[in-house]
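**Q** Questions regarding the structure given below will be posed in turn.
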Amino acid sequence: MSDANLSGRAAIAGIGQTEFSKESGRTELQLACESVLAAVRDAGLEPGDVDGLVTFTMDTSEEMEVARNLGMREVRFFSRVSYGGGASAATIAHAAMAVAAGMADVVVSYRAFNERSGNRFGNMSGRVGVLPLWLSWYAPYGLMTPAAWVALYARPYMERYGVTNADFGRIAVVDRSHAATNPDAWFYERPITLEDHQSSRWIVEPVLRLLDCCQESDGGVAIVVTSAERARDLPQPPAIVTAAAQGATFDGETMTSYYKDDLDGLPEMGVVGRTLWEQSALTPADVSTAFLYDHFTPFVLMQLEELGFCARGEAKDWATIERLSIGGELPINTSGGLLGEAYIHGMNGITEVVRQIRGTAVNQVADVEHALVTAGTGVPTSGLILSKL
Amino acid sequence: MTADTQFFWDGVKKHRLLIQRCTACRTLRHPPRPMCPTCHALAWDTVEASGRGTVYSFVIPRHPPLPWFPEPYVVALVELDEGTRLVTNLVGIPHDAVTMGMKVRVRYEHFDDDLVLPMFTPEDAP
Ligand SMILES: [Zn+2]
């Protein structure tokens with residue numbers, strides 16, 4: 001490991017969130033400010049201590065507006081990460097790099113939106129006439145929604161490895177069973193069965209049923225990153241950033257990477273996985289729990305393969321309900337995931353992994369030393385390994 | 001549409017399916033772009049595709065219904081015999097008769113306001 005390695009240099013010292021709902025009743029900027037303040041307070045700091053901000057290119061809350069509302073005096077670092085949900089873990093990577101390089105002392109990453117009550121993804125009604133160039137190849141053919149983009153990508157994988165929609169159902173069942181015991185989850189106390197999954201209506205046949213698709217949510221999440229050294233002296237048990245990675249590969253597009261050699265995996269996540277293992281000097285066996293971005297269930301199976309938890313094509317057999325549930329070998333999405341808890345563009349996956357490291361999760365996994373979290377898939381993406389001090 | 005993609009839609013209007021080709025190393029590419037990723041040449045021309053290919057992937061979007069599409073409709077990713085892929089609709093075949101790897105050929109569909117779209121139909125369709 002070289003001196004330049006980011007591993008162990010920074011830590012998550014605070015997490016904050018609003019309630020997760022279908023109609024927040026307030027502006028995205030207010031959600032951002034509320035979650036940032038909650039995260040700063042959780043870290044035992046004051047907004048004046050914050051000197052760096054990171055968010056998504058898609059976020060509507062300007063850094064300077066957040067800083068003005070919070071009364072931040074001097075901001076020394078700000079950056080944004082592109083590619084929708086692929087940005088989530090990367091916002092922590094950027095924050096950790098800024099801290100490690102001395103660009104800032106305390107960086108807050110945030111994401112807040114009214115994705116349900118405001119501008120819903122895949123809703124093109126407000127965009128006619130300003131279709132982005134890449135969409136001009138798809139919109140005329142009725143390939144208009146994230147679900148449809150993902151389904152067309154996932155079909156060759158299913159064909160090659162004999163994966164059926166019923167195999168995806170196990171991911172939905174696991175997520176919803178974890179959500180059922182999480183009071184913050186939209187689907188609190190509402191678990192589902194495989195039969196429920198198989199009888200839910202097709203969204204994109206024969207790949208995605210309703211229960212394969214994550215919900216849409218309103219809410220905000222913020223996360224405080226500082227040096228590992230400083231985090232040690234703050235009130236919360238630090239979640240050390242043991243590895244942080246971004247990944248993209250040749251011939252990709254935002255969500256329609258149909259031109260790569262073989263559509264049998266998520267090569268961007270392969271890049272992220274290799275970087276995470278190399279940076280951390282850990283292996284999949286060292287990870288006690290993972291939050292695998294679950295906007296659509298097929299990509300959870302592919303992530304298990306790209307991250308090395310099982311071999312290519314084997315996830316459909318490896319990903320049993322027992323193995324992925326609390327008490328199993330690799331409990332995933334212990335808050336209920338984006339399917340069960342809320343869709344805050346993956347940021348609520350990072351907070352859940354932090355709670356697992358702290359030992360304060362509602363569905364706590366025993367003896368968590370290292371936990372993995374991924375960002376949006378089917379897009380250029382990112383990932384983190386967080387560890388106990 | 002931009003200067004990089006104009007030729008494709010101009011070709012389609014004349015019922016010609018054009019693929020961008022690097023004039024230096026002859027590599028084909030789609031969707032069109034200004035630079036060859038293999039040799040970095042900026043010069044390019046086009047070749048006319050045979051219009052034949054295979055179904056590399058396909059799905060039937062069910063929800064939300066789109067008012068200007070009949071239900072059900074098939075969205076396919078067709079791999080042309082020349083090697084590039086494009087997203088299209090399959091027409092002239094019941095949605096439940098489409099299979100992965102099926103051989104297809106191009107068919108030009110005309111819509112209002114001068115729009116022509118290349119779609120695909122089974123190779124042996126009339
Ligand atoms: Zn070339």
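**Q** Could you tell me what percent of the accessible area of the protein assembly as shown is made up of carbon and sulfur, with a 1.4 Å probe and every protein chain present?
**A** That share works out to 51 percent.
**Q** To the nearest whole number, what is the average tally of beta carbon atoms from other chains within 10 Å of the beta carbons of peptide A:142-148?
**A** That average works out to 6.
**Q** Per residue, how much space in cubic angstrom lies within the convex hull of the C-alpha atoms of the protein assembly as shown?
**A** 151 Å³
**Q** Let me have the relative contact order for segment B:50-126, percent, based on Cα pairs under 8 Å that are six or more residues apart.
**A** The normalised contact order for segment B:50-126 reaches 31 percent.
**Q** If you don't mind, there's one more thing I want to ask. List, largest first, the extents of the alpha carbons of segment B:1-48 along their principal axes, each in whole Å.
**A** Answer, in whole Å and largest first: 31, 20, 14 Å.
**Q** Follow-up. In segment B:1-65, which trypsin sites (Lys or Arg not before Pro) are in a loop and have at most 16 other Cβ atoms within 10 Å, using DSSP for the loop call?
**A** Sites meeting the loop and neighbour criteria: B:Lys14, B:Arg26.
**Q** Quick one: work out the % antiparallel among DSSP beta bridges in chain A, nearest 5.
**A** Here the antiparallel bridges make up roughly 75 percent for chain A.
**Q** Something else now. May I ask you to derive the relative contact order of chain A, considering only C-alpha pairs under 8 Å and at least 6 residues apart, and to give it as an integer percent?
**A** 25 percent
**Q** Scan chain A and hand back the longest stretch that contains none of the GluC sites (Glu not before Pro) lying in DSSP loops with at most 15 other Cβ atoms within 10 Å.
**A** For GluC sites (Glu not before Pro) (loop position, at most 15 other Cβ atoms within 10 Å), the longest site-free span of chain A is A:190-313.
**Q** How far is helix A:146-161 tilted off the main Cα axis of chain A, in degrees rounded to 10, range 0 to 90?
**A** 60 degrees
**Q** Describe numerically, in nm with one decimal, the distance between label points set 7 Å from Cα along Cα→Cβ at B:Thr38 and at A:Arg80.
**A** It works out to 3.7 nm between the two label points.
**Q** When the dipole is taken about the Cα centre of the protein assembly as shown, and only Lys, Arg (+1) and Asp, Glu (-1) are charged at their Cβ, what size is it in debye, to the nearest 20?
**A** That gives a dipole near 600 debye.
**Q** Each residue of segment A:257-264 in turn: what ³J(HN,Hα) in whole Hz from Karplus with 6.51, -1.76, 1.60 and θ = phi - 60°, glycine and Pro shown as x?
**A** Here the 3J(HN,Hα) series is 7, 8, 10, 5, 3, 10, 9, 10 Hz.
**Q** Then there is this: Suppose all protein chains stay in the model; what accessible area per residue would a 1.4 Å probe give for chain B, in Å²?
**A** Averaged over the residues of chain B, the accessible area is 49 Å².
**Q** Something else: Could you tell me the total accessible area buried at the A-B interface, probe 1.4 Å, in square angstrom to the nearest hundred?
**A** Counting both chains, the buried surface is close to 2800 Å².
**Q** With N residues in segment B:50-126, what two-decimal value do you get for its Cα radius of gyration over 2.2 N^0.38 Å?
**A** Against the empirical 2.2 N^0.38 Å value, I get 1.07 for segment B:50-126.
**Q** Let me ask something additional. Let me spell out the model: positive unit charges on the Cβ of Lys and Arg, negative unit charges on the Cβ of Asp and Glu, origin at the Cα centre of segment A:127-223. What dipole size does that give, in debye rounded to 20?
**A** Value, rounded to 20: 300 debye.
**Q** Looking at B:Ile93, A:Ile15, A:Ala231, which one has the Cα that reaches farthest to the positive end of the dipole of the protein assembly as shown (charges on Cβ: Lys, Arg +1; Asp, Glu -1)?
**A** Checked the options; the winner is B:Ile93.
**Q** Would you kindly derive the ³J(HN,Hα) couplings of segment A:198-213 from the backbone phi angles with the Karplus curve 6.51 cos²θ - 1.76 cosθ + 1.60 (θ = phi - 60°), listing them in order in whole Hz, with x for Gly and Pro?
**A** Result, rounded to whole Hz: 5, 9, 6, 6, 5, 9, 9, 6, x, 10, 10, 9, 3, 7, 8, 9.
**Q** Angle between the Cα long axis of helix A:28-42 and the longest principal axis of chain A, 0 to 90 degrees, nearest 10?
**A** Once rounded, one gets 60 degrees.
**Q** May I pose another question? Compute the helix-to-body angle for A:165-179: its Cα long axis versus the longest principal axis of chain A, expressed 0 to 90° and rounded to tens.
**A** 30 degrees
**Q** Also: Given the DSSP H assignment, sum -39500 (n - 2.57) over each helix run of at least 4 residues in the protein assembly as shown and divide by its residue total; what's the result at 222 nm in deg cm²/dmol, nearest 500?
**A** The helix-only estimate for the protein assembly as shown comes to -7500 deg cm²/dmol at 222 nm.
**Q** Run the simple label-point estimate for B:Cys25 and A:Asp262 please: 7 Å along Cα→C-beta, distance reported in nm.
**A** 2.2 nm
**Q** What do you reckon, how do A:Arg160, A:Arg176 stack up by accessible area (1.4 Å probe), largest on top?
**A** A:Arg160, A:Arg176
**Q** On to the next question. Using +1 at the Cβ of each Lys and Arg and -1 at the Cβ of each Asp and Glu in segment A:256-351, identify which of A:Ala311, A:Pro284, A:Ser335 lies farthest towards the dipole's positive end.
**A** A:Ser335
**Q** Here is a follow-up. Can you give the charge dipole size of segment A:295-389 about its Cα centre, rounded to the nearest 20 debye, using +1 on the beta carbon of Lys and Arg and -1 on the beta carbon of Asp and Glu?
**A** Dipole of segment A:295-389, to the nearest 20 debye: 220 debye.
**Q** Extension gain A:Ser136-A:Arg68, at 0.36 nm per residue separation less the Cα-Cα distance, in nm?
**A** Gain in length upon complete extension: 20.6 nm.
**Q** Same structure, new question: Report, ordered by chain and residue number, the aspartates and glutamates lying within cross-link reach of A:Lys316, taken as a straight Cα distance under 17 Å and ignoring same-chain residues fewer than 8 apart.
**A** Correct list for A:Lys316: A:Glu159, A:Asp167, A:Asp175, A:Asp212, A:Asp264, A:Asp294, A:Glu305, A:Glu306, A:Glu329.
The values are calculated or read from the model by the stated rules, or taken from the named source; none is laboratory data. Values in this document were obtained by computation on a predicted structure and should not be read as measured data. Please note: Cβ atoms are built from the backbone with ideal geometry, for glycine as well, and neighbour counts cover all protein chains shown. The protein model used for the area step is the full one, side chains on, heavy atoms only, and it has no ligands, DNA or RNA in it. Shrake-Rupley method; radii C 1.70, N 1.55, O 1.52, S 1.80 Å.
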